[in-house]
Amino acid sequence: IEADKKEGACKDPLTGLAKQMGGSKRNALLKWCQQKTLPYNGVDITNFSSSWNDGLAFCALLHSYLPEKIPYAELHSDDKRKNFTLAFAGAESVGINSSVLHINDMVSIERPDWQAVMSYVTSIYKYFEVDTKS
């Protein structure tokens, strides 16, 4: 049974989260992000697009796992490039690939592509909540 759980998690890491949280995979991931970032000032995640456009949500989410890589208290919403650079470098330091998102695009767009953001957040969830716990 344990092997089945691991195999299912590899196929789609959000299946278990959706069962746990109730609702769709997208909404379950959104709820997970909200829970992980609740204590962080300047972060209010309501979607997978504009809520992520200054980089602080990524930094807060990653800081909750990698506090030594993300100096969250020093970050500001108006320094998007720094925020995205820190977040992506922090994620890449543990092997999470940010190829679906590009810093230049993220700093210039008010409403990032929600599917690309969700895909990247899914990879963060999978790494910290599925792979490292199985």
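Derivation of every value follows stated rules applied to the coordinates shown; laboratory data play no part. Please read all numbers here as calculations on a predicted model, not as lab measurements. Backbone-built Cβ (ideal geometry, glycine too); neighbour counts: all protein chains shown.
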Item to check | P(r) histogram, all alpha-carbon pairs of the chain included - 10 Å bins from 0, percent | outcome: 13, 45, 33, 8, 1
Checklist entry - Can you list the GluC sites (Glu not before Pro) in the range 1-100 that are in a DSSP coil and have 15 or fewer other beta carbons within 10 angstrom? => result 68
Next on the checklist: Report the gain in length on full extension from residue 74 to residue 133: 0.36 nm times residue separation, minus Cα-Cα distance, nm rounded to one decimal.
Outcome noted: 18.2 nm
Checklist outcome for this item: If one compares the long axis through the Cα atoms of helix 25-37 with the longest principal axis of the Cα atoms of the chain, the angle in degrees, nearest 10, works out at 60
Checklist entry - Where does helix 114-125 land angle-wise versus the long Cα axis of the chain, in degrees 0 to 90, nearest 10? => result 60
Item to check | Principal-axis tilt of helix 80-93 within the chain, Cα atoms, nearest 10 degrees | outcome: 40
Item to check | Residue-span extension gain [residue 97 to residue 47] - 0.36 nm each, minus C-alpha spacing | outcome: 15.9 nm
Checklist entry - Tally Lys and Arg at +1 and Asp and Glu at -1 over the other residues with C-beta under 14 Å from the C-beta of residue 81: what net charge comes out? => result -2
